[in-house]
Amino acid sequence: MKYTESFKIPFKGLEIGQHEFEFNISNKFFDLYKDSNLELSSGELKCTVMLDKKSNLLTLDIDIDGYVDAICDRCLDSFQLPIESTSTIYIKIGGNVDEQNDELIVLSEDDSEFNIADYLYECICLELPIRKVHDELTTSKTKCNKEMLKKIKQLSTKNEIKNVNETDARWDKLKNLNINN
Ligand SMILES: [Zn+2]
């Protein structure tokens, strides 16, 4: 069986009622999408799908829990970024494709399964914060690499001094102007 096929939900053969599916997301999963997001390449997440089947409507309650590996924007060390996501999608069987939106997927009567991999990937991407950091603590309790923070601070202080000097040079020119004229 191809790896992507392990994310298929074969809804046609299911009885009316509730069904539970579990999917494990690991590095292999992120390999499938390695061209679409370079930042996201590894992690470990567990996904539970509660499927409620009615004659031509499926409701999927999706829970994703785990972590992805990220680079800390503050200290540049890699760390495990926790991800938690809950969402619901609806699958309508035999409807008008125009009705389709972010939460509603329309499939034809001939379809017998739904591959949830793309949707799970999207959910994980949506949970990624713009700023990825161990934490924002400034105390010794921070999980950031303290040595690195120190070095970065030293560097930025040096740059600040440089900037001040550059500004001074510009001010010097102004000082030469005789403002009394
Ligand atoms: Zn950090």
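Just so you know, all these numbers are worked out from the coordinates, no wet-lab data involved. None of these values were measured; they are calculated from a predicted model. Glycine also receives a Cβ, built like all others from the backbone with ideal geometry; neighbour counts cover every protein chain displayed.
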0 to 90° range, to nearest 10: angle between helix 117-127 axis and the chain longest Cα axis: 30 degrees
Simple spin-label estimate for residue 126 and residue 97 in nanometres, 7 Å along Cα-Cβ: 2.3 nm
Whole-angstrom gap from the stretch 15-80 to the stretch 89-110, using each part's C-alpha centre: 22 Å
Kirkwood estimate for the chain, i.e. one over the average of 1/r between Cα atoms, Å: 20.5 Å
Among 160, 15, 109: highest mean-square fluctuation, GNM of the chain, C-alpha pairs under 10 Å: 160
Top of 49, 68, 97 by mean-square fluctuation, Gaussian network on the chain, Cα under 10 Å: 97
Net length gained if the chain between residue 78 and residue 48 were fully extended (0.36 nm per residue, minus Cα distance): 8.1 nm
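Using 30 Å as the Cα-Cα cut-off, could you pick out the over-long pairs in 46/151; 132/153; 2/46; 54/132; 34/143?
Table pairs above 30 Å Cα-Cα are 46/151; 54/132.
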Area projected by the alpha carbon convex hull of the stretch 56-109, averaged over all directions, nm²: 5.2 nm²
Rounded tilt (10° steps) of 146-176 against the dominant C-alpha axis of the chain: 50 degrees
Fluctuation leader among 26, 41, 156 - the chain, Gaussian network, Cα springs under 10 angstrom: 156
Estimated distance in nm for a label pair at residue 41 and residue 118, the labels positioned 7 Å out from Cα along Cα-to-Cβ: 2.5 nm
Computed [θ] at 222 nm, helices only, for the chain once each DSSP H run of length n ≥ 4 contributes -39500 (n - 2.57): -8500 deg cm²/dmol
